[in-house]
Amino acid sequence: MNILITGANGFIGQALCKRMLAEGYQVRGAVRGAAQMTALPSGVEGVLIGDIGPETDWSKALDGIEGVVHLAARVHVMRESAADPLAAFRLVNVAGTERLARQAAEAGVKRLVYISSVKVNGERTGNKSSGQWSGVRGQGGELKEVFSEWDVPEPQDPYAVSKWEAEQVLRDVAADTGMEVVVLRPPIVYGPGVKANFLRLLKLVKLGVPLPIASIKNQRSLIYVGNLIDAIITCLVHPKAAGKTFLVSDAQDVSTPELIQMMAGASGRRALMLPVPVWMMRMAGRIIGRSDELERLFGSLTVDISKIRRELNWYPPFTMEEGIRETVCWYKSADPPATSGVNTFE
């Protein structure tokens, strides 16, 4: 099976390319510039497509391709520079995705797997056990403790809005052309090569810095990149996946303190955490202008993966402990700088 992977040079893309090559797929990786070609794993056929938008020519990239995994996107950033962020996101994530999908259908592609985001569902779920409810309400007014595919989408920021609009565009293309589309909405993705907030936490654990998070009693769903890749491949080939949307995770939810403890344990260190009241940290976040970033550490966001388990018989092959251990091993060997502005905390 010949597969095109967009964003093949990225964190998820590189890992997906390696896994698919190992399983005997013919893999073509689409990248925007010549400099990114060097990041493609050995064995991947690279193709330059330039900037992604409504005028992108995908014809060369799609020649002979049977399936597409669309990872490339304008991602959520901590410090937005665009004058009109929503327009900038729509240009790449909506118009660019529609352009790819329609050209893929014309080229005879059978199925396209689109990597969306759990942010389409919303920013927060409640945490009933802790009494902390900062999430969304269901149609009947009930507080939601977990996100599922049946929720009414509640995208809150330009990135999430563009991802939801891209999903709708893809449904239209599928209806118009008959090409099969599958949508995956992952939460935080971590693993070797991770950047941004998750990487910063790894660095803080390594430094042994006391963290004021012991009082946080939230619940978060995450997904190890190896589990996400397994879900992507399943959705690419499983006959029952066509036309479906699935939420995915490691099937194990943790609080922020529990996550730090797992990182520390995998590093052979002791987690140093102080019981600072959450209200005090929220106040500090407002003062320094980092409320949104801190809320991602305080808030709960959990997902229900029963649909993909039931319909595709998919269950994450790696435990969270295994995923954290692999991520820490990579970090200890690579010791990368935590400089990226990309926000991986969905």
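Entry note: the stretch 172-328 has Rg to Rh equal to 1.05, where both radii use alpha-carbon atoms and Rh is the Kirkwood radius.
Classify the stretch 256-323 as rounded, prolate or oblate from the Cα gyration tensor: take a ≥ b ≥ c as the square roots of its eigenvalues, call it rounded if a/c is under 1.5, otherwise prolate when a/b beats b/c and oblate if not. Walk me through the numbers before you get to the answer.
On the way: a/c = 3.68, a/b = 1.56, b/c = 2.36.
Because a/c hits 1.5 or more and a/b fails to exceed b/c, the stretch 256-323 counts as oblate.
Each residue of the stretch 216-226 was assigned a 3J(HN,Hα) from its phi angle through the Karplus expression (A = 6.51, B = -1.76, C = 1.60, θ = phi - 60°), giving 6, 10, 9, 9, 10, 8, 10, 9, 5, 4, x Hz with x at Gly and Pro. Amide H to amide H, with H built 1.01 Å from N, VAL182 comes under 5 Å of LEU112, VAL113, TYR114, GLY243, counting only residues 5 or more places away or on other chains. Of the residues THR327, TYR315, MET281, the one whose Cα sits farthest towards the positive end of the charge dipole of the stretch 255-328 is MET281 (charges of +1 on Lys and Arg Cβ, -1 on Asp and Glu Cβ, taken about the Cα centre). Sequentially through the stretch 233-242, phi angles give Karplus couplings (6.51, -1.76, 1.60; θ = phi - 60°) of 5, 4, 5, 6, 10, 6, x, 7, 7, 3 Hz, Gly and Pro residues having no value and appearing as x.
Tell me, what is the per residue accessible area of the chain in Å², probe radius 1.4 Å? Intermediate values should be presented prior to the final figure.
Details: 14860 Å² over 346 residues.
Solvent-accessible surface per residue comes out at 43 Å².
The HN-Hα couplings worked out from phi for the stretch 17-30 by the Karplus form 6.51 cos²θ - 1.76 cosθ + 1.60 (θ = phi - 60°) are 4, 4, 5, 5, 4, 5, 8, x, 6, 8, 10, 10, x, 8 Hz, whole numbers, x standing for Gly and Pro.
Here the chain exposes an accessible surface that is 52 percent carbon and sulfur, computed with a 1.4 Å probe and the other protein chains kept in place. Close amide-amide hydrogen proximity is noted between PHE147 and THR302, VAL303, ASP304, each under 5 Å apart and 5 or more residues distant or on a separate chain (H modeled in the peptide plane; Pro and chain starts excluded).
Computed from the coordinates I sent, Rg/Rh (Cα atoms, Kirkwood Rh) equals one of [x] 1.02; [y] 0.98; [z] 0.96. Tell me the label. Of the labelled values, this structure produces [z].
For the peptides 281-290, 294-303, 182-191, the ranking by packing is 182-191, 294-303, 281-290, with the highest mean count of neighbouring Cβ atoms within 10 Å listed first.
For VAL248, the amide hydrogen comes within under 5 Å of the amide hydrogens of ARG185, counting only partners 5 or more places away or on other chains and with H modelled in the peptide plane.
The values are calculated or read from the model by the stated rules, or taken from the named source; none is laboratory data. Since the structure is predicted, the reported quantities are computational estimates derived from the model, not experimental observations. All Cβ positions, glycine included, derive from the backbone under ideal geometry; neighbour counts span all protein chains shown. Surface areas here come from the heavy atoms of the whole protein model, side chains and all, with no ligands, DNA or RNA. Shrake-Rupley method; radii C 1.70, N 1.55, O 1.52, S 1.80 Å.
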